[in-house]
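What follows is one structure encoded as structure tokens, with my remarks underneath.
The values are calculated or read from the model by the stated rules, or taken from the named source; none is laboratory data. The structure displayed is predicted, hence computed values, not measured ones. Every residue, glycine as well, gets a Cβ built from its backbone with ideal geometry; the counts of neighbours run over all protein chains shown. Surface accessibility is based on the protein's heavy atoms, side chains included, excluding ligands, DNA and RNA. Shrake-Rupley method; radii C 1.70, N 1.55, O 1.52, S 1.80 Å.
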Amino acid sequence: MERLEKSVAPTDVLARHTVVVESVSDSPLTKGNQVRLLTDGQETYDAMFEAIESSTHHIHLESYIVEDDETGRQFADLLLQKQAQGVQVNLIYDSLGSINTPSAFFQRLRDGGIQVVEFNPINPMKAQRKWGLTHRNHRKMLIVDGKVAIVGGINISKVYSSGPFHRKKNQVAPIHWRDTDIEIKGPAVAEFQKLFLDTWQNQQGPELAEDNQFPDLKERGPVLVRVLGSAPGQTNRAPFVMYVSAITFARHSVYLTHAYFVPDRQIVKALCAAAERDVDVRIILPGITDSQLALLAQRHHYAPLLKAGVKVYEHGTSLLHAKTAVIDGVWSTVGSTNMDSLSMLHNDEVNAVILSVEFAEEMEKMFAADLANSMQIHWDQWQTRPFLPRIKGWFVNLFSRWL
């Protein structure tokens, strides 16, 4: 931390922010990690296939969506191949997120020896615990041999979407989608492993072998990483505290990229306050989306942000699905958490917080590339927009808790 503080302009997102996050999280800040930025789906899938192919003991895969399409079947075939080679494969998928996937797809995996857990079944007759529809597992994690983890916003699906009701079977994506994952090697991988095993146990999955779940993890690089997992209840405010405190302690720049942006008043207040103290606050949001209701709710929040000096952009060449931030050129986060109530209150989510000047530089380059494909929203134009879209945005925002 001392070395980081000496390498960047004065900022409070290191020491002060770290203290705040530690107050709401049991996950330690770990040193000695190597982090690789994966800036699109194909790069992420290539990294995942490479990790799976190199596995020797176990594979843990957790995904909101596992689709029965070309991508899903590629994963299924490779996972079955590794299972046949003696590598134990364990899969957690969300019941609602994967509602369009036929049961035969998962039965084929089970028949091949893969252990499969359906998270919080939407069929109350299958529920292992108290039944509830809103508690979903929105995490996307791959952990191989307890030594490498790949996490972010990317599901196992050729047709990319975060919601099951916006996809049609065998639909071909009309445009490229933009998402972000990271690959981590080093001590931080153990924290992702703990999250997976906790979920497996809470969902009453089959008993797992205890050996080699937590191998000795040597330092692989210079990067500090904290893993923030959240679930409804005691830990569900961790992502909220992470974002609000990081924005509050920013001194120079706040660059956010979010697929679903329906923030509460405190987040809006933190962003406006940062801009008013001359922090360069920029937000890239979708201009093309799989949910028109989410787009209307998103735009409802533009007015106070623009008036405070926040620069708002809409991405126009891709379906933006990333959930990332980079602050003051040293603090970054990549994960599954959207800036909305479902992520902050109801879902199981996971984010990695990365403290590294070099990684932040990569994140800023990625942000600049997205910015080049985005259109800025200007306050003088926004306040003269037609009356009907304003009313629609106001009305939809009344139900923003469920978007």
In degrees rounded to 10, the 0-90 angle between helix 238-249 Cα long axis and the longest Cα principal axis of the chain is 30 degrees
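Compute the Cα gyration tensor for the range 342-401, then decide on rounded, prolate or oblate, letting a ≥ b ≥ c be the square roots of its eigenvalues: rounded whenever a/c is under 1.5, prolate when a/b is larger than b/c in the other cases, and oblate in all that remain.
On the way: a/c = 4.25, a/b = 1.38, b/c = 3.08.
The shape class here is oblate.
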Helix-only [θ]222 nm of the chain, DSSP H runs n ≥ 4, -39500 (n - 2.57) each, per residue, nearest 500: -10000 deg cm²/dmol
Distance from the range 352-380 to the range 73-125 (C-alpha centre basis), Å: 35 Å
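For the range 32-151, report the convex hull volume of the alpha-carbon atoms normalised per residue, in Å³, without decimals.
Details: hull volume 14.9 nm³, N = 120.
Dividing the Cα hull volume of the range 32-151 by its residues yields 124 Å³.
For the chain, with only Lys/Arg (+1) and Asp/Glu (-1) charged at the beta-carbon, what is the dipole magnitude about the Cα centre, in debye rounded to 20? If you can, show how the numbers build up before the last one.
Working: 41 positive and 46 negative charges, 271 e Å.
Dipole of the chain, to the nearest 20 debye: 1300 debye.
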How far, in degrees from 0 to 90, does helix 70-84 lean away from the longest principal axis of the Cα atoms of the chain, to the nearest 10? 40 degrees
What would the Debye formula give as log10 I(q)/I(0) at q = 0.17 Å⁻¹ for the alpha-carbon point model of the range 56-120, no solvent? -0.51
Is the range 222-304 rounded, prolate or oblate when judged by the Cα gyration tensor, a ≥ b ≥ c being the square roots of its eigenvalues, rounded requiring a/c under 1.5 and prolate requiring a/b larger than b/c? oblate
GNM top mover of V66, V19, V326 - the chain, alpha-carbon springs below 10 Å: V19
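Take every Cα pair under 8 Å in the chain that's 6+ residues apart, average their separations, divide by the length, and report that relative contact order as a whole percent. Show your work: numbers first, answer last.
Numbers: 871 pairs, mean separation 82.7, N = 403.
RCO, the chain: 21 percent.
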Just the accessible area for D46, please: 1.4 Å probe, Å², rounded to the nearest 10? 80 Å²
So for the range 185-308, averaging the separation of alpha carbon pairs under 8 Å that are six or more residues apart and normalising by length, what relative contact order in percent results? 21 percent
Between T56 and Q204, what is the spin-label point distance in nm, taking each point 7 Å from the Cα along the Cα→C-beta axis? 3.7 nm
Can you give the angle from 0 to 90° between the axis of helix 357-372 and the longest principal axis of the chain, with both taken from C-alpha atoms, to the nearest 10? 70 degrees
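What's the longest uninterrupted piece of the chain once you rule out the chymotrypsin sites (Phe, Trp or Tyr not before Pro) that are loop residues per DSSP with at most 14 other Cβ within 10 Å?
Numbers: sites that count: W131, F399.
For chymotrypsin sites (Phe, Trp or Tyr not before Pro) (loop position, at most 14 other Cβ atoms within 10 Å), the longest site-free span of the chain is 132-398.
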Would you kindly find the accessible area of D380, with a 1.4 Å probe and non-protein molecules such as ligands, DNA and RNA excluded, rounding to the nearest 10 Å²? 100 Å²
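Would you please classify the overall shape of the chain from the alpha carbon gyration tensor, given that a ≥ b ≥ c denote the square roots of the eigenvalues, rounded means a/c under 1.5, and beyond that prolate means a/b larger than b/c while oblate covers the rest? If you can, show how the numbers build up before the last one.
On the way: a/c = 1.78, a/b = 1.29, b/c = 1.39.
Oblate, since a/c reaches 1.5 and b/c is not below a/b.
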